[in-house]
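Participant: My questions all concern the structure below.
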Amino acid sequence: MTDKEDPKKGKEKRGTSKEVCGYPLSIFFIVVNEFCERFSYYGMRAVLVLYFKYFLRWDDDLATSIYHTFVALCYLTPILGAIVADSWLGKFKTIIYLSIVYAIGQVAMAVSAIHDITDTDRDGTPDNMTFHVVLSMVGLFLIALGTGGIKPCVAAFGGDQFSDHQDRQRRTFFSVFYLCINGGSLLSTIITPILRAQDCGIHSQQKCYSLAFGVPAALMLVALVVFIVGSGMYYKAEPQGNIMLDVCKCIGFAIKNRYRHRSNQYPKRQHWMDWAEEKYDKLLIAQIKMVLKVLFLYIPLPMFWTLFDQKGSRWTLQATTMNGHFGSLVIQPDQMQTVNPILILTLVPIMDSVIYPLINKCGLNFTPLKRMTVGMLLAALAFVCAALVQIEIDKTLPTFPSTSQSQLKLLNMGSETVTVKMPGNDPLNLAAAQASNEYFTFEAGQIDISIGHPEVRNTISLAKGQRQTLLIPSNITEEWLMTDDITSKPQEGNNAIRFVNGMNTTVNVSIPAANFGLIEPFSYSNYSLIKNGKVTFTLWSGSQSCEYSTDFGFGSSYTFFIPSTLVFGPNCQESITAAEDIKPNSVHMALQIPQYFFITAGEVMFSVTGLEFSYSQAPSNMKAVLQAGWLFTVAIGNFIVLIVAELAKLPKQWAEYVLFASLLVAVCFIFSIMAYFYTYIDPAEIEAQFKKNVNEDDEDNKHKLQKTEVEMNKRDSIKCHDEDDKDKQTKM
């Protein structure tokens with residue numbers, strides 16, 4: 001293999017890379033680096049919105065807004081990275097320096113998720129949330145700067161390692177390169193949610209976000225080390241200027257020059273970019289015109305990304321209210337995102353080898369812009385599916401009291417049935433050791449309740465905006481006890497469990513993951529959060545004990561009543577009664593698969609086709625400019641999510657999904673009109689035509705120069721003859 005030479009310096013800049021099966025050994029380090037970096041990025045991002053909601057305790061809207069701000073920054077910084085690499089540091093140094101920044105950001109995120117750092121009272125909740133928020137925001141900013149900055153450099157740097165005669169190997173490299181991107185994304189979105197679901201901590205056991213961020217941080221460090229190890233083998237091209245800067249300068253000069261000559265006395269020009277002809281080459285101006293034509297088509301595109309990137313925010317939050325049981329397999333809410341890369345790896349070859357050829361055989365001209373239009377409609381359809389799923393979820397959610405309402409439940413702790421009379425309700429017969437099936441809602445702050453025969457009447461004070469349970473003692477003339485119940489779905493799919501002791505003796509209840517402590521007679525324990533699955537409780541009273549087992553789903557709340565008739569022994573299971581305060585999630589996560597299918601099919605038809613279209617319509621030296629424009633549409637799309645999430649403030653989530661779908665359909669209609677009037681071009685042909693004109697002009701100039709020289713020679717010859725004649729006349 002011949003060594004490459006830097007075209008600018010004229011010196012050999014190639015490393016000492018050996019070849020393996022015709023490929024430079026150096027690309028191995030680049031491929032491994034990309035796999036680890038993508039694992040690091042997508043793994044961190046998969047659990048990010050849940051970290052905001054459950055660790056930092058932000059509401060859904062704020063968590064969504066910060067998530068999309070981060071994603072937008074990740075797609076804005078590639079422009080900065082490209083400028084730095086091409087104009088200043090070069091690709092190699094840019095990747096090294098920004099990878100260090102990237103790794104520091106990942107480590108900062110892992111440290112910010114350690115709750116024990118500020119948990120001085122050891123209750124499992126950080127006492128200084130400002131520390132965690134500030135550190136996580138700094139970490140996210142560094143990650144956005146790092147991942148975005150190296151994004152435009154790594155693939156191009158890998159391509160630089162091949163010589164001109166290795167086109168086939170270069171194409172294979174890019175295929176493997178993008179396979180690593182999808183492979184890293186797929187594995188990380190499977191693994192990091194599992195790590196997050198584990199319990200860890202020094203003083204108290206909590207969800208292990210520090211481990212979920214720590215593993216991606218370790219992978220980023222591995223990516224950096226692997227890339228540095230291959231340093232001596234790389235070909236490192238010197239920075240040779242950034243075409244994006246040249247384009248911006250040319251456009252800026254055209255605008256400024258047009259403004260200077262805005263008077264009617266100056267003749268109009270065919271295109272406003274023609275005002276740059278005084279300073280810039282006509283070929284460059286023609287190339288910029290081609291780019292601007294495509295960038296104009298990009299204007300409606302951010303709306304697609306507005307919907308697409310919500311699969312990591314709104315859709316993940318939606319999954320937290322669903323049932324993740326797939327047979328014996330339990331899927332975490334953030335693991336549903338793995339459906340996207342799986343479908344991408346499946347749909348891309350199917351589309352290319354089956355769907356598109358069939359459409360062509362039907363005689364339909366399915367142009368790239370038509371594909372993109374269909375992709376936008378599919379994304380809108382995905383959000384219609386998400387809205388329908390959300391409506392089903394809303395049907396199963398409990399109705400909690402408003403700020404002006406109170407809700408009350410009844411629990412009969414006695415061994416006989418009692419009749420309860422409450423204002424606005426029919427008399428209720430409550431069986432022994434049983435609770436009412438539902439909560440009763442009251443507008444008044446105080447209500448009169450009558451119980452038993454003869455009736456015992458009491459005035460009960462209710463807490464506004466709260467749920468409470470009235471514990472009716474076996475002797476209704478004794479004190480009536482009120483409990484405070486939870487008024488929201490337990491977080492992260494956990495189950496809120498408590499026990500009420502109806503016995504005359506103290507009872508201790510525990511499980512391996514929690515201890516309810518000693519429960520006094522005719523009293524109740526605090527709530528403990530328990531994972532889904534089968535759980536066995538152990539009850540003690542003195543030297544006696546028994547076990548009680550039950551299965552839990554996701555997001556439920558139960559009050560278990562220990563009756564006075566309980567006999568410790570094998571019959572413990574039958575004696576304890578369970579009151580369901582909040583029903584478990586009943587809508588299955590499998591219902592999200594259709595919306596993931598449509599959004600992924602839309603991505604394949606929109607994103608893959610859009611990149612192909614941009615590449616085909618861009619001049620040879622401005623592919624990177626359109627790539628930067630494409631990434632910019634992703635950033636703008638994420639900013640649109642912030643605007644809608646903060647301004648719309650729709651009370652129902654399904655309505656927000658319908659709003660986004662409607663906006664995309666409207667934008668899709670506008671895009672289809674723009675696409676109808678777009679004329680496809682061949683940039684190479686246009687460039688060749690300009691170069692031909694330049695050559696013809698050069699030939700004309702050459703002929704003119706030669707003609708001028710001939711005429712000058714003639715004049716010189718005539719002049720010489722005249723002088724000879726004069727000499728002759730003088731002599732004569």
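The values are calculated or read from the model by the stated rules, or taken from the named source; none is laboratory data. The model shown is predicted, which means the values in this text are computed figures rather than measured ones. Counting neighbours? That spans all protein chains shown, and the Cβs are built from the backbone with ideal geometry, glycine included. The accessibility values were calculated without ligands, DNA or RNA, using every heavy atom of the protein model including side chains. Shrake-Rupley method; radii C 1.70, N 1.55, O 1.52, S 1.80 Å.
Participant: In a Debye calculation with equal point scatterers on the alpha-carbon sites of the stretch 591-658 and no solvent, what is log10 I(q)/I(0) at q = 0.19, 0.20 Å⁻¹?
Facilitator: -0.92, -0.96
Participant: For a quick size check, give me the Cα extents of the chain along its three principal axes, largest first, whole Å.
Facilitator: Cα spread of the chain along its principal axes, largest to smallest: 163, 59, 52 Å.
Participant: Please work out the C-alpha center-to-center distance from the stretch 295-322 to the stretch 437-500 and express it in whole Å.
Facilitator: 43
Participant: Ok, one more. Which value in Å does the Kirkwood hydrodynamic radius of the stretch 406-582 take, with 1/r averaged over all unlike C-alpha pairs and then inverted? Mind dumping the intermediate values first?
Facilitator: Numbers: mean 1/r = 0.0595 Å⁻¹.
Answer for the stretch 406-582: a Kirkwood hydrodynamic radius of 16.8 Å.
Participant: Hey, got the dipole for the chain? About the Cα centre, +1 on K and R Cβ, -1 on D and E Cβ, debye to the nearest 20? Let's see the in-between values first.
Facilitator: Working: 62 positive and 68 negative charges, 476 e Å.
Once rounded to the nearest 20, the dipole reads 2280 debye.
Participant: What accessible area, in Å² to the nearest ten, does a 1.4 Å probe give for Y524?
Facilitator: 70
Participant: For the stretch 148-282, what is the convex hull volume of the alpha-carbon atoms per residue, in Å³?
Facilitator: Numbers: hull volume 31.1 nm³, N = 135.
Spelled out: Cα convex hull of the stretch 148-282, divided by residues, is 231 Å³.
Participant: Compare H588, H68 by solvent-accessible area with a 1.4 Å probe and give them largest first, with all protein chains kept in place. Display every interim value, and only then the final one.
Facilitator: Numbers: H588 55, H68 0 Å².
Largest to smallest exposure gives the sequence H588, H68.
Participant: Using a 1.4 Å probe over the heavy atoms of the protein chains, calculate the carbon and sulfur portion of the accessible area of the stretch 414-458 as a whole percent.
Facilitator: Details: 1150 of 2690 Å².
Carbon-and-sulfur percentage of accessible area, whole number: 43.
Participant: With the contact rule set at Cα under 8 Å and sequence spacing of 6 or more, what percent relative contact order holds for the stretch 406-582?
Facilitator: Details: 430 pairs, mean separation 33.9, N = 177.
Answer for the stretch 406-582 is 19 percent.
Participant: Something else about it: If one computes the Cα centroid of the stretch 332-410 and of the stretch 535-588, what distance in Å separates the two points?
Facilitator: 39
Participant: For a 24 Å ceiling on Cα separation, which of these pairs sit above it: K91/K279; K395/K652; K207/K311; K151/K256; K370/K652?
Facilitator: K91/K279; K151/K256; K370/K652
Participant: Using Cα-Cα distances under 8 Å and only pairs 6 or more residues apart, what relative contact order does the chain have, in percent?
Facilitator: 16
Participant: Rounded to the nearest 10 degrees, what's the angle between the helix 91-112 long axis and the longest principal axis of the chain, both from Cα atoms, 0 to 90?
Facilitator: Helix 91-112 and the main axis of the chain meet at about 10 degrees.
Participant: Something else now. Convex hull volume of the Cα atoms in the stretch 300-427, per residue, in Å³?
Facilitator: On the way: hull volume 31.3 nm³, N = 128.
Residue-normalised Cα hull volume stands at 245 Å³.
Participant: Cα axis of helix 26-46 to longest principal axis of the chain: angle in degrees, 0 to 90, nearest 10?
Facilitator: Helix 26-46 sits roughly 40 degrees off the main axis of the chain.
Participant: Kindly identify the stretch 17-239 as rounded, prolate or oblate by the Cα gyration tensor criterion: order the square roots of the eigenvalues as a ≥ b ≥ c, call it rounded if a/c is under 1.5, otherwise compare a/b with b/c, prolate if a/b is larger, else oblate.
Facilitator: Values: a/c = 2.52, a/b = 2.10, b/c = 1.20.
Prolate.
Participant: Which of A237, H132, A82 sits farthest toward the positive end of the charge dipole of the stretch 17-239, with +1 on the Cβ of Lys and Arg and -1 on the Cβ of Asp and Glu?
Facilitator: Most positive-ward Cα: A237.
Participant: For the stretch 406-582, what does the accessible surface come to per residue with a 1.4 Å probe? Please give it in Å². Kindly include the intermediate steps, with their values, before the conclusion.
Facilitator: Numbers: 8120 Å² over 177 residues.
Value for the stretch 406-582: 46 Å² per residue.
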